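Comments concern the structure below.
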There are 4 protein chains.
Amino acid sequence: MTASGNPVDYESRVRQSFGQQGAMRTLGAELTHVAPGAVDICLDWAEGLTQQHGFLHAGMVSTALDSACGYAGLTLMPAHAAVLTIEFKINLLAPAKGQRFRMEGRVIKPGRTITVAEGRAYAMDRGQEKLVATMGCTLMCVQDREGLSD
Amino acid sequence: MTASGNPVDYESRVRQSFGQQGAMRTLGAELTHVAPGAVDICLDWAEGLTQQHGFLHAGMVSTALDSACGYAGLTLMPAHAAVLTIEFKINLLAPAKGQRFRMEGRVIKPGRTITVAEGRAYAMDRGQEKLVATMGCTLMCVQDREGLSD
Amino acid sequence: MTASGNPVDYESRVRQSFGQQGAMRTLGAELTHVAPGAVDICLDWAEGLTQQHGFLHAGMVSTALDSACGYAGLTLMPAHAAVLTIEFKINLLAPAKGQRFRMEGRVIKPGRTITVAEGRAYAMDRGQEKLVATMGCTLMCVQDREGLSD
Amino acid sequence: MTASGNPVDYESRVRQSFGQQGAMRTLGAELTHVAPGAVDICLDWAEGLTQQHGFLHAGMVSTALDSACGYAGLTLMPAHAAVLTIEFKINLLAPAKGQRFRMEGRVIKPGRTITVAEGRAYAMDRGQEKLVATMGCTLMCVQDREGLSD
């Protein structure tokens, strides 16, 4: 897999877009790994992200995983392209119980129009890392569509 | 479809659980409809919920839809049961662009152990309501499992 | 929703493509309804389509539903376009137990590149029709791609 | 991961159930690998399994993948349990073009009631193996439910 442009380009594009997501600030999320086709996002547990049992809400897990998958896709897209999520599916394997969480997004099939990525969510609970969710995600590369930024 | 217990019971159980979800406060979400097998959740656009183009983040759409589907399922479960999401899939049909959003959760197949629900997300943009996402969601009814609240 | 070209065109395109699917002959499937954005496929139970309990195999249900959704999409695409399935998800609500089955494919969001459809599978068992599966399906409209027919 | 009972038991249970699936005979499918939590199924291209461009129909790919995932799950279930597919999602990464196909089913999270598996479909085309589809699959372990075999 080769990234479009040089590494500085794809990483700065990902970081710039990430910085524009209000949702990532709400999650307290950080970009901890950015490579061609691979992005990791980490976040700490916070009361504002919980479901009724005090664990991370499945939707908040999917918010971070969707961004990890989308940005993994964006690293491989042309410089002026935007990435859109067409759909994703998430399986919750265990309650998202922990102090910190790491979300991996990995491209498994890049494409001119359609890119497919997979995500894995890990909970770090008292020093142990545990797989708590898996995502399958379909992304679209959008070019020259003014409406996206209006 | 018949609810377990009387209406006061299922509605108060849903409202109590909803009130314990930190994620719903973060979304500014309200329970606007609670009936057997059917729950609606509404929320306003807020900067803290956005993706990079300023629209509602797909993950935030899924957070509200997942809660709407889960609580639609809970209305039909026994009084002391808890509801867990096993998996969901969301299709993003259009950018979630609007001032306010309404998320519908509807049970299409209740079951003793497994319940299947569907969600629809509508964006209200300058007075027009538009379908922006659909969800398919599998829920599990959990009884007597201490670990959920520890 | 408007079909591309006149009704004769879209219906004949669907019927011609359907006739080229060896899988539909194996299923004994018939096109029983073709309208803009809506296609039904029916088939009878047969021993060669079963899982280990003698019911219709979930994969065979999905084969017919995928074709119903794909052709529902094709009715709304340009005359020389081909339709590809990007992904689908199926929920099995009940064993597919019956003598005959009806699969509905319905477009819920047509698009220039991406079309989203939903499917419903009904089993007709001793005169009763029962919903046994639901599908969410993402389709792509492909034009001018030689490789598809080589 | 440990299988229930000794290896002879789980393998014979899988092979016996596989032999009762009319759909597997229709596909010309063979069980080529059976281990705890891991099952492979192989099949050759046949005209009766095709979509309109002559490639393997996405539904037929999903039929074999669903069985591979289901039997991967069954290897880890108690001796008298039956396995049911609750739902699956498949992403078609490339046309299923080839002379032979290998479907991998792998358990990623076994459970007393719910088991989650992942599938990968590979096409062998002129000596090259290519990943053409991925599946995420939720299975249920069913015990003592008479109705399944009636």
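Each reported figure results from applying straightforward, stated rules to the coordinates on display, with no laboratory input. All figures in this text were calculated on a predicted structure; none of them were measured in a lab. Heads up, the Cβs are rebuilt from the backbone with ideal geometry, glycines too, and the neighbour counts pull from every protein chain shown.
Close amide H partners of residue A:75, meaning residues 5 or more places away or on another chain with modelled amide H under 5 Å apart, are A:37. Short-range pairs are left out: with C-alpha atoms under 8 Å and at least six residues apart, the relative contact order of chain A is 23 percent.
Remark: C-alpha extents of segment D:4-150 on the principal axes read 44, 27, 26 Å, sorted largest to smallest.
For residue C:112, the label point sits 7 Å beyond Cα toward Cβ; its separations from the matching points on the remaining copies run 1.6, 5.3, 5.5 nm, from shortest to longest.
Sequentially through segment A:91-106, phi angles give Karplus couplings (6.51, -1.76, 1.60; θ = phi - 60°) of 10, 8, 8, 7, x, 7, 9, x, 9, 8, 9, 10, 10, 9, x, 9 Hz, Gly and Pro residues having no value and appearing as x. Its residue count N fixes a reference of 2.2 N^0.38 Å for segment C:65-150, and the Cα radius of gyration divided by that reference is 1.23.
On the basis of the beta-carbon distance and an R0 of 30 Å, residue D:126 and residue A:32 show a calculated FRET efficiency of 0.10.
Axis of helix A:7-19 versus longest Cα principal axis of chain A: the two differ by about 60°, to the nearest ten degrees.
Sequence-ordered 3J(HN,Hα) estimates for segment A:82-90 from the Karplus curve with 6.51, -1.76 and 1.60 and θ = phi - 60° stand at 10, 10, 10, 7, 7, 6, 8, 10, 10 Hz, glycine and proline given as x. When the helices of the protein assembly as shown are scored as -39500 (n - 2.57) per DSSP H run of n ≥ 4 and the total is divided over every residue, the value at 222 nm lands at -7500 deg cm²/dmol. By the compact-protein rule of thumb, 2.2 N^0.38 Å, the alpha-carbon radius of gyration of the protein assembly as shown corresponds to a ratio of 0.91. If we count every other residue with Cβ under 15 angstrom of residue A:43's Cβ, Lys/Arg +1 and Asp/Glu -1, where does the sum land? Local net charge: -3. Taking amide H positions as modeled 1.01 Å from N, with prolines and chain starts lacking one, the residues under 5 Å from residue C:100 and 5 or more places away or on another chain are C:45, C:124. Rounded to the nearest Hz, the phi-derived 3J(HN,Hα) couplings of segment D:122-127 under the Karplus curve 6.51 cos²θ - 1.76 cosθ + 1.60 (θ = phi - 60°) are 10, 9, 9, 10, 6, x, where x marks glycine and proline.
With respect to the axis relating copies A and B by rotation, the chain A residue whose beta carbon is closest, plus that distance in Å, is A:89, 2. Taking a point 7 angstrom from the Cα of residue C:94 along the C-beta vector, which residues in segment C:109-134 have backbone N less than 16 Å away? Counting backbone N atoms under 16 Å from the label point, the list is C:120-134.
Amide H contacts of residue B:108: B:116, B:117, B:118, each under 5 Å away and 5 or more positions distant or on a separate chain (H built 1.01 Å from N in the peptide plane; Pro and chain starts excluded). For the residue pairs A:109/C:97; A:109/C:109; A:97/C:97; B:109/D:97; A:89/C:97; C:97/D:130, the alpha carbons lie more than 32 Å apart in A:109/C:97; A:97/C:97; B:109/D:97; C:97/D:130.
When Lys and Arg each count +1 and Asp and Glu each count -1, what net charge do the other residues less than 10 Å away from residue C:104, Cβ to Cβ, add up to? Net of charged neighbours comes to +1. Cα centroids of segment A:80-150 and segment B:29-91: how far apart, whole angstrom? After rounding, the separation between the Cα centres reads 19 Å. Label points for residue B:99 are taken 7 Å from Cα along Cα→Cβ. From this copy to the others they lie 4.5, 5.8, 6.5 nm apart, shortest first.
Placing a label point 7 Å from Cα along the Cα-to-Cβ axis, residue A:44 is separated from the same position in the other copies by 3.0, 6.2, 6.8 nm, shortest listed first.
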